[in-house]
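Every read-out reported here was derived from the displayed coordinates using simple, explicitly stated rules and does not represent laboratory data. Since the structure is predicted, the reported quantities are computational estimates derived from the model, not experimental observations.
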Ligand code: HEC
Ligand code: HEC
Ligand code: HEC
Ligand code: HEC
Ligand code: HEC
């Protein structure tokens, strides 16, 4: 009897442990509607800001609209090839319902322009090596969610930028 109890407790702990890891990432992995590939576009010579139009000059970097994809991808044309999942949205004239994964909490203020243009910080510092990514982002990839506030505060301390609570929480 005690043996069975121990097994039940062990299973319970495993399940709970898994739940805590997942919840610390802010939910389970996400499957994006199109198997987007960053590397293919960077290798073709595109800049980040060509699609994320606010990344240098705005607060929000933004996710591109389907009309941006349609500039190059025409279903039926051999190059660049247009996979079926992308062709579906282009033919239907529908927006691709991407799930935006990089999002701070509502009480936090963050400006891309301030960090990218004024401070000259590379995207990779906060988002990892996107240039080499061949699959879409899933939830687990967001460093600021895993590190929480420390990602911001550690760098601010190092760079002698304000760590006043109200600079970020407004
Ligand atoms: C400036 C032109 C251009 C734009 C704009 C563009 N693409 Fe592409 N795309 C390419 C090129 C070039 C390739 C790689 C060549 C090939 O595989 O035929 C590619 C490849 C792809 C692939 C296939 C990658 C693979 O793994 O084989 C997908 C999926 C894709 N693009 C999605 C998108 C989406 C979604 C958008 C809009 C957000 C977009 N593209 C915007 C040029 C573009
Ligand atoms: C100092 C850290 C940092 C740097 C550098 C940075 N980002 Fe971000 N990025 C964030 C944070 C934090 C968020 C979430 C923002 C929010 O919730 O408003 C975010 C969100 C995003 C998003 C999601 C869409 C959106 O509008 O918020 C995209 C796309 C993005 N960043 C692209 C980029 C690109 C491209 C670069 C480089 C040109 C870049 N980021 C540089 C921290 C950074
Ligand atoms: C051809 C358009 C295009 C280019 C160029 C591009 N991206 Fe993206 N990016 C996308 C699309 C579409 C998504 C949504 C699908 C995904 O997660 O991969 C995305 C997603 C992202 C996200 C996650 C957004 C979120 O919160 O879900 C980040 C961060 C990001 N890109 C950074 C970059 C960086 C850094 C570069 C340059 C090295 C870059 N992107 C170049 C189209 C592009
Ligand atoms: C890699 C270093 C780095 C990271 C990571 C970083 N920052 Fe910053 N941040 C800076 C620098 C440098 C400046 C000063 C930019 C300037 O104005 O010249 C700054 C400025 C700011 C400001 C303006 C401060 C003021 O004086 O009003 C805010 C707000 C801010 N950051 C919020 C954030 C948040 C929120 C995060 C995390 C999501 C973050 N930062 C992550 C380096 C960083
Ligand atoms: C450089 C920016 C920055 C500064 C300075 C900062 N914070 Fe934060 N804080 C953040 C970010 C970003 C998050 C959200 C992290 C996440 O996504 O889970 C956060 C989260 C929090 C949370 C958790 C709230 C929640 O929703 O879970 C508390 C509490 C908090 N901060 C308090 C403070 C206090 C108190 C100070 C001053 C001593 C401070 N912060 C200074 C950026 C900052």
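The table below gives the values:
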{"read-out": "Relative contact order of region 56-136, defined on C-alpha pairs under 8 angstrom at six or more residues apart (%)", "value": "36 percent"}
{"read-out": "Relative contact order computed over region 22-170 (Cα-Cα under 8 Å; 6+ residues apart), in percent", "value": "34 percent"}
{"read-out": "Global form of region 44-170, assessed from the alpha-carbon gyration tensor, a/c cut-off 1.5", "value": "prolate"}
{"read-out": "Stretch gain in nm, segment residue 157-residue 79, where the contour uses 0.36 nm per residue and the Cα spacing is subtracted", "value": "23.3 nm"}
